[in-house]
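Single-structure report; data block below.
The values are calculated or read from the model by the stated rules, or taken from the named source; none is laboratory data. None of the values given here were measured: they were computed from a predicted structure. Note: ideal-geometry Cβ built from the backbone for every residue, glycine included; neighbour counts use all protein chains shown.
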């Protein structure tokens with residue numbers, strides 16, 4: 001049997017339901033109450049003939065309701081009323097109006113505050129299209145956003161970036177404004193939500209985005225990224241076309257998982273540990289390499305483009321190297337989409353092939369009116385390299401890239417080389433044995449200790465090593481790790497200045513902002529790991545066809561970028577144009593794309609001496625300490 005409720009209970013239940021519906025329902029209820037008061041008062045005045053003193057006749061119902069409405073909205077209107085009955089009714093109407101209008105103001109104020117709070121929470125839908133979505137929040141976001149702002153400068157209609165992360169919207173916006181004060185013609189929109197939640201991701205409008213960048217977060221970033229990709233690719237609202245997703249993975253084993261869940265889409269992932277380890281290993285033996293990578297992958301200067309040149313069809317790759325004055329050819333993208341960096345010089349360009357070119361902009365890639373004159377007398381033909389000798393490398397500090405660095409070094413150094421690792425972590429030796437693999441050319445010694453301890457560095461006789469690599473300690477916070485790295489670098493530079501044969505120093509930094517502080521230590525090179533990865537992610541988000549190029553550049557098999565002594569290519573101490581350097585490299589089966597001047601190696605405004613894609617006609621007087629940047633087999 002259904003329970004019986006009193007009228008009071010039912011009314012209170014109805015009233016509670018109305019109140020729970022929020023401001024619109026309350027406004028409607030107040031409007032109904034106002035109309036009821038006004039209508040009833042008007043009827044009373046008209047029916048009972050209440051009127052002001054001196055006025056004769058009965059007011060019509062319409063006129064009575066109107067006068068009642070005026071006193072409801074403005075309490076001061078009744079100040080001049082006369083007549084007992086008329087005054088009483090209008091007093092009651094005015095009092096009712098005061099309560100109703102006051103309540104209405106309160107409801108509107110609360111509703112407005114709620115709306116402002118909702119906007120602050122960043123939960124509204126971003127109605128954007130052809131935009132870039134960034135899922136996740138980390139220091140990498142600033143680099144990606146800054147690069148995309150530069151990339152979007154030539155978009156006349158402007159561009160949009162939607163950042164969605166499980167962080168406060170206002171805090172994200174303030175941080176972006178602080179780090180990137182001028183976003184030019186790009187609008188940066190922040191939204192709060194979980195990048196692994198299906199409903200939250202909808203806020204960023206991923207289905208109309210041109211590209212989606214997923215940043216790593218948390219203690220297990222790979223799992224976080226895989227969940228985000230799953231949420232995107234398996235959304236019930238997903239679009240018919242493929243998504244373009246760019247992200248990064250630490251553990252190579254997780255690459256297969258990403259390929260499996262992203263079969264319908266274009267999921268491009270960077271293996272961060274392998275990439276950074278390879279760059280550190282190469283840079284430790286040739287200072288400035290990371291600067292070359294940075295120049296190639298940022299949007300601030302020259303960039304990598306693809307150019308189908310009908311005039312060069314049927315010609316060889318060697319013919320193309322000197323075909324441009326303002327652009328540097330570095331490889332060929334074949335018709336099937338594969339890329340070959342520094343292919344054989346006699347490779348013939350066929351139909352559908354495109355040159356991989358470094359240029360200031362795609363419209364700057366123009367064939368030279370005439371080939372630059374090559375100075376045959378300046379070309380060094382006896383470029384024989386001395387037989388490599390065993391090397392001694394010191395690794396100070398330890399993180400997850402350490403074992404890969406040692407493995408990579410083993411493929412570059414001569415047999416009989418030595419690597420000494422100084423780490424505060426007790427299981428470093430076991431980690432190296434497990435993950436570095438079988439080493440053919442070098443022996444590894446592990447010593448437990450604090451790499452920033454001057455006494456320990458003196459005991460190690462650092463000056464006896466050829467190369468020193470300082471790694472950021474992964475068990476510390478980024479700022480604390482960088483601070484410890486800076487102390488170590490200052491000790492090393494002081495010791496190097498007292499040595500007649502100074503060793504090279506390469507350091508890994510976690511925060512790009514600390515690079516300026518580290519310049520005081522005059523270190524040969526820095527690798528800002530997250531910055532380099534972020535640059536690559538920004539490039540891929542704008543041009544997915546670059547992935548085969550980057551894969552080939554960073555693949556240990558085949559051609560790689562090297563900085564070699566300029567004296568092995570052209571004569572030093574005399575003016576020579578860069579076209580002559582390109583020709584000298586071509587005769588060795590290599591592709592020259594720039595050079596590094598030692599005199600500018602500590603000048604940040606001159607890119608630390610790195611010049612990529614100089615004009616073939618530009619004339620330079622090199623010193624024996626300068627380097628030529630080439631793509632070669634070794």
Test residue 410 against the criterion of being surrounded by 14 or more Cβ atoms within 10 Å (Cβ to Cβ) and without any contact (Cβ under 8 Å) to a residue 12 or more places away in the chain, and give yes or no. no
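Residue under question is residue 437, and the condition is that it be within 33 Å of the chain's Cα centre (by Cα) and at positive phi; does it hold?
Yes, satisfied.
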Can you pull out the residues in region 598-624 that are part of a loop (DSSP other than H, G, I, E, B), without any contact (Cβ under 8 Å) to a residue 60 or more places away in the chain and surrounded by fewer than 16 Cβ atoms within 10 Å (Cβ to Cβ)? 603, 618, 623, 624
Take the residues in region 1-49 that are over 29 Å from residue 91 (Cα atoms) and part of a loop (DSSP other than H, G, I, E, B), then tell me which one is modelled with the highest pLDDT. 6
Number of the condition not met by residue 213 [criteria: (1) modelled with pLDDT of 95 or more; (2) in a loop (DSSP other than H, G, I, E, B)]: (2)
Tell me whether region 175-185 contains one or more residues that are under 19 Å from residue 206 (Cβ atoms) and modelled with pLDDT of 90 or more. no
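Would you point out the residue of region 255-285, among those that are part of a helix (DSSP H, G or I) and free of Cβ contacts under 8 Å to residues at least 24 places away in the same chain, that is farthest from residue 417 (Cα to Cα)?
The extreme case among them is 260.
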Identity of the residue in region 337-373, on the phi > 0 side of the Ramachandran plot and surrounded by fewer than 14 Cβ atoms within 10 Å (Cβ to Cβ), that ends up modelled with the highest pLDDT: 352
Of those in region 224-254 that are assigned to a strand (DSSP E or B) and free of Cβ contacts under 8 Å to residues at least 60 places away in the same chain, the residue farthest from the chain's Cα centre (by Cα) is 249
Unmet criterion (only one of (1) without any contact (Cβ under 8 Å) to a residue 40 or more places away in the chain; (2) in a helix (DSSP H, G or I); (3) buried (at least 20 other Cβ atoms within 10 Å of the Cβ)) for residue 487: (3)
Consider region 294-319. How many of its residues are surrounded by 22 or more Cβ atoms within 10 Å (Cβ to Cβ) and within 20 Å of residue 578 (Cβ to Cβ)? 5
Across region 149-178, the tally of residues that are in contact with a helix residue (DSSP H, G or I) (Cβ under 7 Å, 6 or more places away or on another chain) and assigned to a helix (DSSP H, G or I) stands at 4
